[in-house]
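Only one structure is covered here, and it is reproduced in the block below.
Just so you know, all these numbers are worked out from the coordinates, no wet-lab data involved. Note that the structure is predicted; figures quoted are calculated from it, not measured. Every residue, glycine as well, gets a Cβ built from its backbone with ideal geometry; the counts of neighbours run over all protein chains shown.
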Amino acid sequence: MASWNSIPLEITYETFGWIAFFSWSISFYPQIILNFRRKSVVGLNFDFVMLNLTKHSSYLIYNASLYFSSAIQKQYFDKYGYGEMIPVAANDVAFSMHAVLLTAITLLQIAIYDRGNQKVSKIAIAIVCAVWLVAAVCFFIALPSHSWLWLISIFNSIQVFMTVIKYIPQAVMNFMRKSTDGFSIGNILLDFLGGIANYAQMAVQSIDQNSWVNFYGNIGKTLLSLVSVFFDLLFMFQHYILYPAKKAHISPKPNEEGAEPLVKSADDPSSENV
């Protein structure tokens, strides 16, 4: 395994990594606090949260496996060379664990707070089920030959795929409502900072090693930063430019008729995706 050639660059690498960790980790709290204060999750897209949980769970499996497993690290070095460095840092593992926990808490808030007429779409449920079915099939394919690096690369691909699609329901919902009320912009600003710091961390490692292997050796981390930054810019444009003063009316109390079911019924003509 390669070592650092420059102490200042190593320190810079660690600094960017923990900036990304704290930015991404803290980014979950504004939404959770907003939900708690309003006792409502109206304006937060449930598909976004559900897809996000699958995304972070997949990323945790990838990060923890590559960081802790010596067998998988050996397979990585066999593929990319023993002169390379493992592209997963301690902050990546810590972030993934924290992200899974906080996303689960957000889902709990969706279950107990006022939801208005919002529901989880059956499309999102189908996507999540299909993704975990594919992961299970890949596990049994990898089991006989112990192709663990290939298997965790599947989980890395899953997290990239989920990162790409998870933002779309929230962006469409903001567009349909012509408002970002109920969706925390603080979450987006911190997520944007985390994405920039994450990409900078990888660049510093590449400069020190005079190699760009870590970018395609951990393509999931690279795409995670780029996709996150793209959608963060879109959400900032929606919040500050398109809908700066247009606020949807949010009822502070649950509807008198009771909370709506979390999953839409195909027989309910009044339930529509937003």
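Would you mind checking the tilt of helix 7-26 against the longest principal axis of the Cα atoms of the chain, expressed as 0 to 90 degrees and rounded to 10?
20
More than 17 angstrom separation, counting every C-alpha pair in region 100-146; what % is that?
Of the Cα pairs, 59 percent sit more than 17 Å apart.
Helix 46-68 versus the longest principal axis of the chain: what is the Cα-based angle in degrees, 0 to 90, to the nearest 10?
That works out to roughly 20 degrees.
Relative to the compact globular guide of 2.2 N^0.38 Å, what is the alpha carbon radius of gyration of region 63-132, as a ratio?
1.67
I want to check the label-to-label distance for A64 and F237. Put each point 7 Å from Cα in the C-beta direction and report it in nm to one decimal.
3.7
What do you get for the angle between helix 219-237 and the principal long axis of the chain? Use alpha-carbon atoms, 0 to 90 degrees, nearest ten.
Its long axis makes an angle of about 30 degrees.
With label points built 7 Å along Cα→Cβ from the Cα atoms of E14 and A111, find their separation and express it in nm.
Inter-label distance under the simple model: 4.0 nm.
At 0.36 nm per residue, minus the direct Cα-Cα distance, what do K122 and V172 gain on full extension? Give it in nm, one decimal, please.
Contour length minus the Cα-Cα distance gives 16.4 nm.
Lys/Arg Cβ at +1, Asp/Glu Cβ at -1, dipole of region 117-240 taken about the Cα centre: which of W148, S206, P169 is farthest positive-ward?
Toward the positive end, the furthest listed residue is P169.
Compute the distance from the alpha-carbon center of region 175-200 to that of region 23-84, in whole Å.
Taking the Cα centre of region 23-84 as reference, the centre of region 175-200 is 16 Å away.
Between D114 and residues 5 or more places away or on another chain, which pairs have amide H atoms under 5 Å apart, with H built 1.01 Å from N, and which residues are they?
Residues meeting the amide H criterion: S40, V41.
Arrange the peptides 169-181, 232-244 so that the one whose residues have, on average, the most other Cβ atoms within 10 Å appears first.
Result, highest mean first: 169-181, 232-244.
Which three extents, in angstrom, do the Cα atoms of region 159-212 have along their principal axes, listed largest first?
Largest to smallest, the principal-axis extents are 48, 23, 13 Å.
Magnitude of the Cβ-charge dipole of the chain, K/R +1 and D/E -1, about the Cα centre, nearest 20 debye?
480
Tell me which of S40, V88, L66 sits at the most positive position along the dipole axis of region 27-148, charges placed on C-beta atoms (Lys, Arg +1; Asp, Glu -1).
Looking along the dipole axis, the top candidate is S40.
Taking 7 Å along the Cα-to-C-beta vector as the label spot, tell me the A136-R37 distance in nanometres, rounded to one decimal.
Here the answer is 4.2 nm between the modelled labels.
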